[in-house]
1. Which of the listed residues, F204, A177, T2, is farthest toward the dipole's positive end in the chain, when Lys, Arg count +1 and Asp, Glu count -1 at the beta-carbon?
2. Nearest 5 percent is fine: what portion of the DSSP beta bridges confined to the chain is antiparallel?
3. Counting each DSSP H run of 4 or more residues in the chain as -39500 (n - 2.57), what helix-only mean residue ellipticity at 222 nm follows after dividing by all residues, to the nearest 500 deg cm²/dmol?
4. Under 18 Å Cα-Cα from K45, which aspartates and glutamates qualify once same-chain neighbours fewer than 8 residues away are excluded?
5. Compute the Cα gyration tensor for segment 187-328, then decide on rounded, prolate or oblate, letting a ≥ b ≥ c be the square roots of its eigenvalues: rounded whenever a/c is under 1.5, prolate when a/b is larger than b/c in the other cases, and oblate in all that remain.
6. Treating the beta-carbon of each Lys and Arg as +1 and of each Asp and Glu as -1, no other charges, what is the dipole magnitude of the chain about its Cα centre, to the nearest 20 debye?
7. Once whole DSSP H runs in the chain are found, which of them have Cα atoms spread over 15 Å or more along the helix axis and a mean Kyte-Doolittle score of at least 1.0?
8. What distance in nm lies between label points placed 7 Å from Cα along the C-beta direction at L137 and R57?
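Where a number appears in this text, it was derived from the coordinates with a stated rule and is not lab data. The model shown is predicted, which means the values in this text are computed figures rather than measured ones. Please note: Cβ atoms are built from the backbone with ideal geometry, for glycine as well, and neighbour counts cover all protein chains shown.
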Amino acid sequence: MTPKRVVVIEGDDAAPEAVRPTLALLDQLNLNIDWLTPPVGDQGKQRYGTTFPEQARRAIDESDATFFGAASGKSTAALFYLRFGKQTYANVRPVKWLSGFNSPLADPKGLDLVIVRENLEDLYLGVEGEIKDLDPLDLTSPFTREKITNMSPGRYALKVITEKGTARVTRFAFELARNRKRHGRPGKVTCATKYNMLFRSDGFFKEVAQKIAESYPDIEFETLIVDDFAHRLVAKPQQFDVAVMPNLYGDILSDMAGGLVGGLGLAPSGCYGDNYAYFEPVHGTAPDIAGQNIINPTATILSAAMMLEYLGFKPEAERIEEAVQKVYAEGRILPRDQGGSATTTEFVKAIKEYL
Ligand code: IPM
Ligand code: MN
């Protein structure tokens, strides 16, 4: 078998402190993987004068996947290439409570859901500007009947929902629900949008999702208003299986869902396109604890497990998940955010012992 090629981008601030021990952990598994480490962020800046040099783009293009730490400013160019350049439209964020996770919920048992966040559209197109530039469009608010340009000076941001973008991410969510159903989950997709206000954009997301749902009669489907979804997510998260939503809601609610199981230190993610995928923890770069060797690497380790599954190393992915599960269930050696006192190194060593 030809080796898989994986680009590693350690990311900024404390992120490398989670990525490096995770790679050392993967080293134990004798995986047939070639690791590529092109200079990105600060390293790219130092060597090539740019945070995302041509070499890095080429390495990504020649690889099967990227393993990404987290980006503050410096690695964001790479992150955006991994998203928009590689068309990774489905941002999959599993939120599963494991025994030993420090959840704030009275009863987190059975919490096992996945947020599938559309990853390329919505307000993330980056098209923003001055209200006065909209002048030629002669727009009027249907609610105030006021001309938008009369509200100038001010700024706008563009929200875009396309049929293609919505259909592919919804299909992804249904396939995921079907796959999970084979493993004992209920087989349900919840679509969360603000269709009662954003009739035409979010309303369209809902409409397209409803159409896709018709091809999956074996999967239960519901549409919720996103604020109602947020409330239910806190009140009884066990009612959800797979939830699909536009980009920004998915961004916000996946952080919130991570908080429900015990914090962002525990929330992994994978972003999938038709030809590429990259994997990163949901959390940011934790600059406040950089350099202290105390970052919780669980989200990074679980993202690595998602990556191994994507690359065809399913047994190895399962071994990692089981080792993580055991360390938490045992509760002896835990990172600080989980009520323990272990350093990152000590915690990863405990996982290594269960591998
Ligand atoms: C995430 C992050 C990013 C996002 C930032 C770094 C641009 O918060 O991956 O959720 O908003 O998508
Ligand atoms: Mn986010």
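1. About the Cα centre, the residue reaching furthest to the positive side is A177.
2. Working: 20 of 45 bridges.
Counting DSSP beta bridges with both partners in the chain, the antiparallel share is about 45 percent.
3. On the way: 11 runs with 130 residues, N = 355.
Estimated from H runs of four or more residues: -11500 deg cm²/dmol.
4. Excluding near neighbours in sequence, the set is E10, D12, D13, E54.
5. Prolate.
6. For the chain, the charge dipole is close to 400 debye.
7. What comes out of the filter, once short or polar helices are dropped, is 298-310.
8. Rounded to a tenth, the inter-label distance reads 2.9 nm.
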